[in-house]
1. Within the stretch 373-388, is there a residue that is in contact with a helix residue (DSSP H, G or I) (Cβ under 8 Å, 6 or more places away or on another chain), buried (at least 21 other Cβ atoms within 10 Å of the Cβ) and either modelled with pLDDT of 95 or more or not in a helix (DSSP H, G or I) (or both)?
2. Under 24 Å from residue 303 (Cβ atoms), out of contact with any strand residue (DSSP E or B) (no Cβ under 6 Å at 6 or more places or on another chain) and assigned by TED's automatic domain parsing to the domain that holds residue 294 - does that describe any residue in the stretch 156-174?
3. Would you say residue 3 is out of contact with any strand residue (DSSP E or B) (no Cβ under 6 Å at 6 or more places or on another chain), over 30 Å from residue 314 (Cβ atoms), exposed (fewer than 14 other Cβ atoms within 10 Å of the Cβ) and modelled with pLDDT under 95?
4. Which strands (runs of 3 or more DSSP E) sit wholly inside the stretch 108-156 and have at least 1 residues that are modelled with pLDDT under 95?
5. Given 40, 51, which one is touching a residue at least 12 places away in the same chain (Cβ under 8 Å) and assigned to a loop (DSSP other than H, G, I, E, B)?
6. Does residue 182 qualify as being away from the ligand (no atom under 16 Å from the Cβ), surrounded by fewer than 23 Cβ atoms within 10 Å (Cβ to Cβ) and in contact (Cβ under 8 Å) with a residue 24 or more places away in the chain?
7. Can residue 262 be described as closer than 20 Å to residue 103 by Cβ, within 18 Å of the chain's Cα centre (by Cα) and surrounded by fewer than 22 Cβ atoms within 10 Å (Cβ to Cβ)?
Ligand SMILES: Cc1ncc(COP(=O)(O)O)c(C=O)c1O
């Protein structure tokens, strides 16, 4: 098989690197000096790069594309949003309309404030929780990801962890994060309610918030057990800790009411972004009225020049209308399940041990028979094999993230015609990867 040509992307990289760190606008978009690709166009579930290579995309920009790229219904609404005029340091009537739509699908979203990104919505959630509880400390789950703020970029260091020597170290995920913030950060493994209760018993006087994704959208989509989620809710109520459910990846994707609907649980605060506008930049902090009313003069400050930009809010209005009134999410789920079934058959035919995690709309693919129950279990997967397979898949026109912790995202447009070509590509890429493994 001839390799894809990346001639134009490579040439552009050499130009871009002179002006942009790593030649890109997010560290995660840099794949190597000769591997980084630049997008020409995307439509439906397909991306074309500037060399003309086409890919069926399962990264979907890390989740926001829930209907498909350049969805004509949403893009038309965005065009109408342009006509409104942008931003004004004033509000529009559309904000109320979109807030109503969110509340109608998410019962805990009694009040809504818009932000521009998931990072900003999470920052605002933590601030409201601190103001409300009068406690600065907060708990996150190991393997969780909540954006690029200094408060959120903490995780366990699995690379250097030797289970024989005790607990993994908690480290910032970037240089430049003040070390002293660590005094406020606590991390616990998912699906261990006893650990959580021990921590709360000892430190509830310092801890005001628990920030969690019940499906770890940045760690193989590892899913919480129902009992664990029920305990989390009970413990937060018992110890008077604000429960923030980060639905930036799961919201308007795994169900109309997100992960809260799946588990039958109500957050105190919850955050949305990605799928709520099919890729237009908008996010929302939502929550119970008594907490959200902390946002006021003399209380919590929340704002931002670009919040509820008329293009993004119009796109959100249309996207939420589609999600709320059609079976788009059912289509996404069904395709995700069909994809799992097809991949399972191929992996079984080739005697490769595997398991899937999370929801079919954002599946984690794990190369071990036992699915992981927390981030530490990720080490049990044959992730070097995953990385090699992902590289081969690219050559066959299927784009999934090289980092095996990122799930396979599904959009409505996949259901049109992507299944057979994806399975054909997967079979071919798997066979080459296995052959290479045997030779090496
Ligand atoms: C669960 C979760 N929260 C927050 C964020 C941050 O969102 P953004 O990239 O829009 O800042 C992400 C991004 O992937 C996320 O997955």
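The values are calculated or read from the model by the stated rules, or taken from the named source; none is laboratory data. None of the values given here were measured: they were computed from a predicted structure. For neighbour counting, all protein chains shown are included, and Cβ atoms are generated from backbone atoms with ideal geometry for every residue, glycine included.
1. Taking every residue of the stretch 373-388 in turn, none turns out to be in contact with a helix residue (DSSP H, G or I) (Cβ under 8 Å, 6 or more places away or on another chain), buried (at least 21 other Cβ atoms within 10 Å of the Cβ) and either modelled with pLDDT of 95 or more or not in a helix (DSSP H, G or I) (or both).
2. Step one: filter the stretch 156-174 for residues under 24 Å from residue 303 (Cβ atoms), giving none.
Scanning the stretch 156-174, I find no residue that is under 24 Å from residue 303 (Cβ atoms), out of contact with any strand residue (DSSP E or B) (no Cβ under 6 Å at 6 or more places or on another chain) and assigned by TED's automatic domain parsing to the domain that holds residue 294, so the answer is no.
3. Working: out of contact with any strand residue (DSSP E or B) (no Cβ under 6 Å at 6 or more places or on another chain): yes; over 30 Å from residue 314 (Cβ atoms): yes; exposed (fewer than 14 other Cβ atoms within 10 Å of the Cβ): yes; modelled with pLDDT under 95: yes.
Answer is yes for this residue.
4. Qualifying strands (runs of 3 or more DSSP E): 154-156.
5. After ruling out the rest, the residue left standing is 51.
6. yes
7. yes
Each row is one residue, and each column tells you yes or no for (1) within 16 Å of the ligand (Cβ to nearest atom); (2) surrounded by fewer than 22 Cβ atoms within 10 Å (Cβ to Cβ).
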position: 59; (1), (2): yes, yes
position: 65; (1), (2): yes, no
position: 68; (1), (2): no, no
position: 71; (1), (2): no, no
position: 74; (1), (2): no, no
position: 77; (1), (2): no, no
position: 82; (1), (2): no, yes
